[in-house]
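Notes to accompany the following structure.
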Amino acid sequence: MTEELIITQTINWIKSVVVGCNFCPFAARVLQNKSIHYAVVSEGSTTENLELVLKELQRLDQHPEIETSFIIFPNHFEHFGSYLNFFGKAEKNLSRKHYDGVYQIASFHPEYCFAGAQENDAANYTNRSVYPMLHLLREDSITRALANYPSPDNIPQRNINYAQSKGLAYMQLLREACIGQ
């Protein structure tokens, strides 16, 4: 699989699922402005991958025109548990490098399962991506976007309700279509 195909499938997922289901009401603008950076990581140790996360944060520091970054791991973290372990290390590393309050990391994985949720709950598809990935977001951008959005605290529950109303089969097909487009 080529890097270009992986990025295309990720963009398809963002368009069809994240924007199409309005899971993130702020994603359409960033996608339309083409201010997203995509980094595909085909190989590397945990230490090397954590260093790559730091390099992506530094890229955001150096390039204010990049609104957000996705780090995609097509050949890593097949199991959700190993991904969560890496995600936890990435968040700790963000703090150690004094990026708290500057950037935030969102997590997406093909087997994403919210704590306490059943594995076959359609709501998990709000965070089930085509590949394991980390999404690096600028805190100030989040703050600005939320300031103009009515009831931002309702977004997670609205997303859960939407996914559950569509059902598991629909959410599965929607995500799978992103790979074949």
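The values are calculated or read from the model by the stated rules, or taken from the named source; none is laboratory data. In this text, all values refer to a predicted model and were calculated from it rather than measured experimentally. All Cβ positions, glycine included, derive from the backbone under ideal geometry; neighbour counts span all protein chains shown.
Of the conditions (1) exposed (fewer than 13 other Cβ atoms within 10 Å of the Cβ); (2) touching a residue at least 12 places away in the same chain (Cβ under 8 Å); (3) closer than 30 Å to Q164 by Cβ, R29 clears all except one; give me its number.
If we test R29 against (1) exposed (fewer than 13 other Cβ atoms within 10 Å of the Cβ); (2) touching a residue at least 12 places away in the same chain (Cβ under 8 Å); (3) closer than 30 Å to Q164 by Cβ, just (2) comes out false.
Using the structure shown, decide if S107 is within 16 Å of V18 (Cα to Cα), in a loop (DSSP other than H, G, I, E, B) and in contact (Cβ under 8 Å) with a residue 12 or more places away in the chain.
On the way: within 16 Å of V18 (Cα to Cα): yes; in a loop (DSSP other than H, G, I, E, B): no; in contact (Cβ under 8 Å) with a residue 12 or more places away in the chain: yes.
Considered against the rule, which asks whether it is within 16 Å of V18 (Cα to Cα), in a loop (DSSP other than H, G, I, E, B) and in contact (Cβ under 8 Å) with a residue 12 or more places away in the chain, S107 comes out as no.
Return yes when E43 is closer than 18 Å to K92 by Cβ and not hydrophobic (A, V, I, L, M, F, W, C) and no when it is not.
Spelling it out, it is not the case that E43 is closer than 18 Å to K92 by Cβ and not hydrophobic (A, V, I, L, M, F, W, C).
Okay, residues lined up against (1) more than 30 Å from N49 (Cα to Cα); (2) more than 16 Å from the chain's Cα centre (by Cα):
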{"position": "G116", "(1), (2)": "no, yes"}
{"position": "T126", "(1), (2)": "no, no"}
{"position": "H135", "(1), (2)": "no, no"}
{"position": "K166", "(1), (2)": "yes, yes"}
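Test each condition in (1) assigned to a helix (DSSP H, G or I); (2) at pLDDT 95 or above; (3) within 15 Å of the chain's Cα centre (by Cα) for N85 and report the one that comes out false.
(3)
I need the full set of residues from region 130-181 which are among the aliphatic types (A, V, I, L, M), in contact with a strand residue (DSSP E or B) (Cβ under 7 Å, 6 or more places away or on another chain) and at pLDDT 95 or above, in order please.
Step one: list which residues in region 130-181 are among the aliphatic types (A, V, I, L, M), which gives 130, 133-134, 136-137, 142, 145-147, 155, 160, 163, 168-169, 171, 173-174, 177, 179.
With the extra rule that they be in contact with a strand residue (DSSP E or B) (Cβ under 7 Å, 6 or more places away or on another chain), the set shrinks to 133-134, 136-137, 142.
Correct list: M133, L134, L136, L137.
So which residues in region 85-104 are surrounded by 18 or more Cβ atoms within 10 Å (Cβ to Cβ) and not hydroxyl-bearing (S, T, Y), if there are any at all? Outline the logic, then answer.
Looking only at region 85-104, we keep the residues that are surrounded by 18 or more Cβ atoms within 10 Å (Cβ to Cβ), and these are 86-87, 90, 94, 99, 103.
Scanning region 85-104 gives F86, F87, A90, L94.
Results for (1) within 30 Å of G167 (Cα to Cα); (2) free of Cβ contacts under 8 Å to residues at least 60 places away in the same chain, shown as yes or no for each residue.
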residue: V40; (1), (2): no, yes
residue: E43; (1), (2): no, yes
residue: E48; (1), (2): no, yes
residue: L57; (1), (2): no, no
residue: E67; (1), (2): no, no
residue: I72; (1), (2): yes, no
residue: F77; (1), (2): yes, yes
residue: K97; (1), (2): no, yes
residue: F114; (1), (2): yes, yes
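Tell me, please, whether a residue that is surrounded by 14 or more Cβ atoms within 10 Å (Cβ to Cβ), within 17 Å of P110 (Cα to Cα) and not hydroxyl-bearing (S, T, Y) can be found in region 36-48.
yes
Based on what the data block shows, is Q157 exposed (fewer than 13 other Cβ atoms within 10 Å of the Cβ), polar (S, T, N, Q) and part of a helix (DSSP H, G or I)? Reasoning before the result, please.
Numbers: exposed (fewer than 13 other Cβ atoms within 10 Å of the Cβ): yes; polar (S, T, N, Q): yes; part of a helix (DSSP H, G or I): yes.
Judged against the criteria, Q157 is a match.
Out of all the residues in region 50-82, which are surrounded by 15 or more Cβ atoms within 10 Å (Cβ to Cβ) and either among the basic types (K, R) or part of a helix (DSSP H, G or I) (or both)?
L50, L52, V53, L54, E56, L57, L60, F80
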